[in-house]
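A.B. asks: Pasting a structure below so you can have a look.
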Amino acid sequence: MGPSCEIHCADFLLPWKNREMPRISTESLAQHRDWRRNQLIEAAAAIALESGGDSITVAAVAQRAGLSRTSVYEYFASSSDLIADLIIEELQSFALTLDEAVAGIDSPAEAIERWISASLGYVADGRHLLAKALNATDLPQDRSAAIGAAHRALLAPLTKNLQALGVKDVLQALLLIQAATDVATKRIESGNDAESEIAMTSRFCIAGIRGLI
C-alpha cells in the first residue's frame, strides 16, 4: 500500500544513510548477537541506499561491517535472507509510524486522513528510499509469509477504519487509495510541494471513500 508496497522507534526517524554503526559494549552473548546482527542489517541498508538492493552480497556486507564472510553466515543463510530481514524490519517500523499517527483518533474518516498523511510524510522525508531500493530484489520463498504479514500490518489501521465507515468493498477502497498515494509519491519525488500534495491527496481520498459508502 502506497510507498510501503514498493513499498524503528526514535532511531527509525533518522534516514538510514545518516546513521552511524553502533558502538556499544555488550555484557552477554545474547546482547552481543543482537548488536552484531543489527550491525549487519545497518551495513546492508547503507549498501542498498548507495548502490541498490542488487548490490547487497554477503561479501559486500561483510566488508562494510568490517567482518569476515563467515561471520555473516552465522546470522544469515544468504544475502537474500538478510535482505528479507531488512525489508521486514523496515515494514514493521513503517507500521509503527502509521499506528502512532492514528492512535487515539475516534473518527474513522480522520484516522484514514492521518494514515494517508503519515504514509506520504514517509515519502516526503525520504524514508521510503530504502524500501524503494529493495523493491525489485529477489527474496527467498520461505520468507514470503513473514513479509506478507508485515505488509498487512501496514494496512490494518486503514482496513479497520474503512470498515467502521461502512465501506462494503474494502479491497476496492484500498486499491483506490493506493493509486492516489502512488501518484502523490511520484509527484513529491519529482519536486512538487510535499505539503500541498499530502493535503490534496488526503482530501481527495476522503471524498472518494465517502462516495463508496
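The values are calculated or read from the model by the stated rules, or taken from the named source; none is laboratory data. What you see is a predicted model, and the numbers here were worked out from it, not measured in a lab. Using ideal geometry, Cβ is built from the backbone for each residue, glycine included, and neighbour counts are taken over all protein chains shown. All accessible areas refer to the heavy atoms of the entire protein, side chains included, with ligands and DNA or RNA removed. Shrake-Rupley method; radii C 1.70, N 1.55, O 1.52, S 1.80 Å.
A.B. asks: At a 10 angstrom cut-off on C-beta neighbours, averaged per residue, how do the peptides 160-167, 140-147 rank from highest to lowest?
C.D. replies: For the peptides 160-167, 140-147, the packing ranking is 160-167, 140-147.
A.B. asks: Now, a different point. Taking the Cβ of residue 153 as the center, what net charge do the other residues with Cβ under 14 Å away carry, scoring Lys and Arg +1 and Asp and Glu -1?
C.D. replies: With Lys, Arg at +1 and Asp, Glu at -1, the neighbours total -2.
A.B. asks: Please report, as a whole percent, how much of the solvent-accessible surface of the stretch 36-152 comes from carbon and sulfur atoms (probe radius 1.4 Å).
C.D. replies: That fraction is 44 percent.
A.B. asks: Okay, next question. For the stretch 60-106, which GluC sites (Glu not before Pro) are both in a DSSP coil and crowded by at most 16 other Cβ atoms within 10 Å?
C.D. replies: 74
A.B. asks: I've got another one for you. Calculate the length of the line joining the C-alpha centroid of the stretch 142-185 to that of the stretch 32-96, in whole Å.
C.D. replies: 28 Å
A.B. asks: Can you give the local net charge around residue 109? Use residues other than it whose beta-carbon is closer than 14 angstrom to its beta-carbon, Lys and Arg +1, Asp and Glu -1.
C.D. replies: +1
A.B. asks: For the stretch 59-213, what is the accessible area per residue in Å², given a 1.4 Å probe and the full set of protein chains?
C.D. replies: Accessible area per residue, the stretch 59-213: 50 Å².
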